[in-house]
Amino acid sequence: MTADVVLVLAIVAVAVVLFVTEWVRYDMIALLILVTLAVTGTIPATEAIQGFGDPAVVTIAGVLVLSGGLYRTGVANLLGRQVLRLAGASAVRITFVLMMTAGLLSGIMNNIAVGALLLPVVLDIARRIGQPPSRLLIPLAFATLLGGMTTLIGTAPNILIAGALFEAGLEPFEMFDFTPLGLTVLLAGTLCMVLFGGRLLPRRYAEGSGESADVDLRGQYEIEEMLFTISVPQDSGLAGRSLVDCRLGLALGLGVLAVRREGRMILAPRPNFKLRGGDRVVAAGQPEAFETLRGWGHFIEPGGEPPSTGQLVSGPVDLAEMEVAGDSPIAGQTLGEIDFRNRYRAHVVAIAREGAVRRARIHETKLKAGDVLVVLGTRDKLQQLRYASEFCHIQRLTANEATRRYQLSRWLLRLEVPSGSRLEGHTLEETRLRRAFDLAVLEIQRDGKGIVLPSPGTRLKAGDVLVVEGRRDNFLVLDSLVDLELRPTAPGIGELESEKVGFAELTLAPRATLAGRSLKELFFREKYGLSVLAIWRGGRSYHSSVEVRSMPLRFGDALLVYGERARLRLLARDPGFLVLTEEMREIFRAPRAPLALSIMAAVVLSASTGLLPIFIAAPAGALMMVFTGCMTADEAYEAVQWKVILLIGGMLALGVAMQESGTATLIARSVLGRAAELGPMALLGGLFMVTALAAQFIPTAAVAVLMSPIALNTAAEVGVSPYALMMVVAVGASAAFMSPFGHPVNLLVMGVGGYRVADYAKVGIPQVIVLLLVVLFVLPIIWPLAV
């Protein structure tokens, strides 16, 4: 075993670990592999980057644009709806027709695009026949994977495998060489699902009758359990305040759906909507949070003079001004993001910027170089900040200067924890005084002693006197919230919908760049004017407004959204989200659908007859999609999955390294060569299972690149047809059924169907077994092993 072989094996092992654990994005893993191979001299640097100009990469990019053109013109949506209408109301018949339709469409379109187009159609069918979507969505996802095996352009692994044959000096697979085996696989997988899927597919919520929207929302999102009514007293301090100022979301984690006023229901009120005494607010969330706040009781304002800056700045406590340095790493971040108070053991009471003083919600203000922070802290901590490179021009500030320049005393309150309050024993962090009401506790006076700048974990006691910094108006809101009255009764879902207002489900679009960011970071409410009431993830629904807004989004999440239908239709045009309610879907360029179909037919015909090679026909067709108005140039760039292109380009370098270093030959001889000694079935079965297992956690394109040189070398070592073994790799690389992480189309349906990871394994294992049987008994008939 040479040093190059050892290095390549190590790179493969590290790559597999990174792919499985997802510690690093898969496109970055591929680039890391490419750079490592070039830097170590395993392959020449020029060969390392040749993968990006490989005909397979160009073909894949072109096919993605062609698929995007079919998507934008609604071809699959039109065909899918027409065909599925013929299926009637039988669940078995619908499953069969659905899978065959989706599979055949995936032969000419990207399978993710087919899944995204048919997803709302399938949801509507599920509601129409009274079945939970979980009975149909895994069949949809699996059908797109099965159908991708039917043509050369059906899926990236097929194109890459054909390219590997060409690079090896062999005649590559052509357009319909995959079709006989692919159709067999599609039919076998469909029959397996129809015959056994009913026993294996989960029922995440019960069937129902009547209005389908009611059934789905009540079942999956448990919406009736999260609705209740809050009564606003006639003399409430919240009267005349907007919903934003009332802080129902920040303080209680509630989403306001409607307000009943004088017998009239006002649906989806906007954030600037002002409450009146006597209003009844229909809210969604967890009533326990409301009851917890009521249990606090009213804070008591002790008599006497209000706290002054001089009283606060005494003993070891001091004030200072410090400027954010020009090259400070904290510039561009908020005080909350850098956790200023805990990180520096000091508290910012004001920010001076360009002659203006900022006091309200300053922990959410992004800092800029040159900002002057007014900081309260102990003298030793402030002294330490003089050595921090993040700040400059640090100077002490007297109490009189603070009062004169920043009116600090006007922002100080003294509050006492009432006797019998449920606040006793709770930490400052749990009170949410700072996050919900912008009230910062600067000191706790207890038993004649003062706890200066208490930590978030400090527990309160009855009788504690809190010196608080913040607007008195915010305290009055807190005081008024305690007087609200909870009424468990709430209107039915039907009362919350109208011609202009309604519910919709959405999920992240397959190519969205929003994963990992929260709704709060995306300014979702502010941007779209819609309320996200719940997120369905991992088989459960999350309801709290605070929790929902702060959860980083994941592929596979399903979001329940409420608001004006006009805004929902605008959201449907955002490429980052896929709206799953059929009536809210984006408007397709249906008049150009025949043109898009003609362009795709011309590409297929020219490639299959040899008039043009596929790596020329596909980009030419992509250009025609743009020139004819089936899609715009920007949409064409969006259709190309650039992360996949980077993945393939980098992985092709690894394929070259495996071939040139002899690694592929070593694996073929020591692993698959020994399997071949047990007979041809052992060889086919072993190659298929290794490939299929890898496809559950590694991107299918990467699996095809890794396994192709091994299959080619195995064929040469044991004297069998390379075409038969490469076809095994094609089937195995697309058999990503047992894990939702094996292919994006599985993640696409995960949240909407309410699936758990175990559901994919339960339904996917029989599919893999069926494909194994096809490989063992059908493939050798179509592609004989004899050379």
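List of remarks:
- Members of the stretch 147-158 that are part of a helix (DSSP H, G or I) and either among the β-branched types (Val, Ile, Thr) or modelled with pLDDT of 95 or more (or both): Thr150
- Flag if Phe697 is over 17 Å from Ala156 (Cα atoms) and among the aromatic types (Phe, Trp, Tyr): no
- Residue in the stretch 243-254 that is without any contact (Cβ under 8 Å) to a residue 60 or more places away in the chain and over 34 Å from the mean Cα position of the chain (by Cα) present: no
- The set of residues in the stretch 38-55 being open to solvent by less than 50 Å² (accessible area, probe 1.4 Å) and under 19 Å from Ala701 (Cα atoms) consists of Ala48, Gly51, Asp54, Pro55.
- Against the test of being open to solvent by 10 Å² or more (accessible area, probe 1.4 Å), of a type in the set (Asp, Glu), within 25 Å of Leu439 (Cβ to Cβ) and not in a loop (DSSP other than H, G, I, E, B), the options Glu337, Glu321 yield a single qualifying residue, Glu321.
- Under the condition of being open to solvent by 20 Å² or more (accessible area, probe 1.4 Å) and at pLDDT 85 or above, the residues counted in the stretch 430-446 number 3.
- Checking each residue in the stretch 138-161 for being hydroxyl-bearing (Ser, Thr, Tyr) and within 18 Å of Pro619 (Cβ to Cβ) picks out only Thr151.
- Any chance Ile451 is out of contact with any helix residue (DSSP H, G or I) (no Cβ under 8 Å at 6 or more places or on another chain) and without any contact (Cβ under 8 Å) to a residue 12 or more places away in the chain: yes
- Residue in the stretch 367-387 that is hydroxyl-bearing (Ser, Thr, Tyr) and surrounded by fewer than 16 Cβ atoms within 10 Å (Cβ to Cβ) present: yes
- Matching entry among Arg396, Arg410 (being loosely packed, with under 15 Cβ neighbours inside 10 Å, at pLDDT 85 or above and of a type outside the set (Gly, Ala, Ser)): Arg396
- The stretch 342-359 residues that are of a type in the set (A, V, I, L, M), paired with ones that are assigned to a loop (DSSP other than H, G, I, E, B) and at pLDDT 85 or above (beta carbon under 7 Å, 6 or more apart): Val348/Leu335; Ile351/Thr365; Ile351/Asp371
- Among (1) open to solvent by 60 Å² or more (accessible area, probe 1.4 Å); (2) touching a Gly at 6+ places or on another chain (Cβ under 7 Å); (3) over 29 Å from Glu424 (Cβ atoms) - the single one Arg345 does not satisfy: (3)
- Criterion violated by Ile43 - all others in (1) in contact (Cβ under 8 Å) with a residue 12 or more places away in the chain; (2) of a type outside the set (Gly, Ala, Ser); (3) in a helix (DSSP H, G or I) satisfied: (3)
- Subset of the stretch 626-655 [over 13 Å from Ile29 (Cα atoms), among the aliphatic types (A, V, I, L, M) and not in a loop (DSSP other than H, G, I, E, B)]: Val626, Ala633, Ala636, Ala639
- In the stretch 266-279, the residues that are within 19 Å of Gly563 (Cβ to Cβ) reach residues that are open to solvent by 40 Å² or more (accessible area, probe 1.4 Å) and acidic (Asp, Glu) with C-beta atoms within less than 6 angstrom, at least six apart or across chains, in these pairs: Ala268/Glu564.
- Of all residues in the stretch 163-191, those satisfying the criterion of being assigned to a helix (DSSP H, G or I) and open to solvent by 10 Å² or more (accessible area, probe 1.4 Å) are Gly163, Ala164, Phe166, Glu167, Thr179, Pro180, Leu183, Thr184, Leu187, Ala188, Leu191.
- Within the stretch 471-559, strands (runs of 3 or more DSSP E) holding 2 or more residues that are open to solvent by less than 10 Å² (accessible area, probe 1.4 Å): 501-508, 531-537
- The residues of the stretch 766-781 that are more than 13 Å from Gly732 (Cα to Cα) and either open to solvent by less than 30 Å² (accessible area, probe 1.4 Å) or assigned to a helix (DSSP H, G or I) (or both), listed by number, are Pro766, Phe777, Pro780, Ile781.
The values are calculated or read from the model by the stated rules, or taken from the named source; none is laboratory data. If you're wondering where the values come from, they're calculated on a predicted model, not measured in any experiment. Reconstructed Cβ throughout: ideal geometry from the backbone, glycine too, with neighbour counts over all protein chains shown. Just the protein is used for accessible areas: all its heavy atoms, side chains included, with ligands, DNA and RNA removed. Shrake-Rupley method; radii C 1.70, N 1.55, O 1.52, S 1.80 Å.
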